[in-house]
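S.K.: Right, I'll just put the structure down here and ask away after.
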């Protein structure tokens, strides 16, 4: 049985989103691109969650196929690639910020820094714009 893609699951917005982000690895890769400055394959491997190389390769490929991530040669290192968020991927910033806010509220062991949580709750829209501008400038 082949995995469903967003092409198979149009219509329902939750079903469409689940087809792209239906496992934790895709969201963690996006998290690392947005909040941890990850750009290279090794950055994702060394993020601390213990993703295997085959799972990482499959999820990066899936996110690229879905138009969320773009892969291009690293101009500084010919054999390496850079991964960046596309416009579609960058548009996830406000959603991830809301997920962080929700989790920080309900997870008693949240690792969200206090200053980040306060700034997020004070003006999430302003924070989203700043993060988006930073991501665009890194492209």
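The values are calculated or read from the model by the stated rules, or taken from the named source; none is laboratory data. From a predicted model like this one, the values you see are computed outputs, not experimental measurements. Counting neighbours? That spans all protein chains shown, and the Cβs are built from the backbone with ideal geometry, glycine included.
Quick grid of which residues meet (1) part of a loop (DSSP other than H, G, I, E, B); (2) modelled with pLDDT under 85; (3) not assigned by TED's automatic domain parsing to the domain that holds residue 103:
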position: 11; (1), (2), (3): yes, yes, yes
position: 14; (1), (2), (3): no, yes, yes
position: 17; (1), (2), (3): no, yes, yes
position: 27; (1), (2), (3): no, no, yes
position: 39; (1), (2), (3): yes, no, yes
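S.K.: Looking at region 63-75, which of its residues are surrounded by fewer than 18 Cβ atoms within 10 Å (Cβ to Cβ), touching a strand residue (DSSP E or B) at 6+ places or on another chain (Cβ under 9 Å) and either in a loop (DSSP other than H, G, I, E, B) or in contact (Cβ under 8 Å) with a residue 40 or more places away in the chain (or both)?
M.R.: 75
S.K.: Only one residue in 97, 60, 33 is closer than 18 Å to residue 135 by Cβ, in the same structural domain as residue 136 (by TED's automatic domain parsing), modelled with pLDDT of 95 or more and assigned to a helix (DSSP H, G or I), so which one is that?
M.R.: Within the list 97, 60, 33, the selection yields 97.
S.K.: Out of all the residues in region 41-55, which are part of a loop (DSSP other than H, G, I, E, B) and in contact with a helix residue (DSSP H, G or I) (Cβ under 7 Å, 6 or more places away or on another chain)?
M.R.: 47, 49, 51
S.K.: Failed condition for residue 108, given (1) assigned to a loop (DSSP other than H, G, I, E, B); (2) touching a helix residue (DSSP H, G or I) at 6+ places or on another chain (Cβ under 9 Å), with all others met?
M.R.: (2)
S.K.: Mind telling me which of the residues 81, 116 ends up being in the same structural domain as residue 136 (by TED's automatic domain parsing), over 14 Å from the mean Cα position of the chain (by Cα) and surrounded by 13 or more Cβ atoms within 10 Å (Cβ to Cβ)?
M.R.: 116
S.K.: Name, by its number, the condition in (1) in contact with a strand residue (DSSP E or B) (Cβ under 6 Å, 6 or more places away or on another chain); (2) exposed (fewer than 13 other Cβ atoms within 10 Å of the Cβ); (3) more than 16 Å from residue 41 (Cβ to Cβ) that does not hold for residue 125.
M.R.: (1)
S.K.: Mind checking whether some residue in region 70-84 is touching a helix residue (DSSP H, G or I) at 6+ places or on another chain (Cβ under 6 Å), over 16 Å from residue 24 (Cα atoms) and modelled with pLDDT of 95 or more?
M.R.: Yes; the residues of region 70-84 include at least one that is touching a helix residue (DSSP H, G or I) at 6+ places or on another chain (Cβ under 6 Å), over 16 Å from residue 24 (Cα atoms) and modelled with pLDDT of 95 or more.
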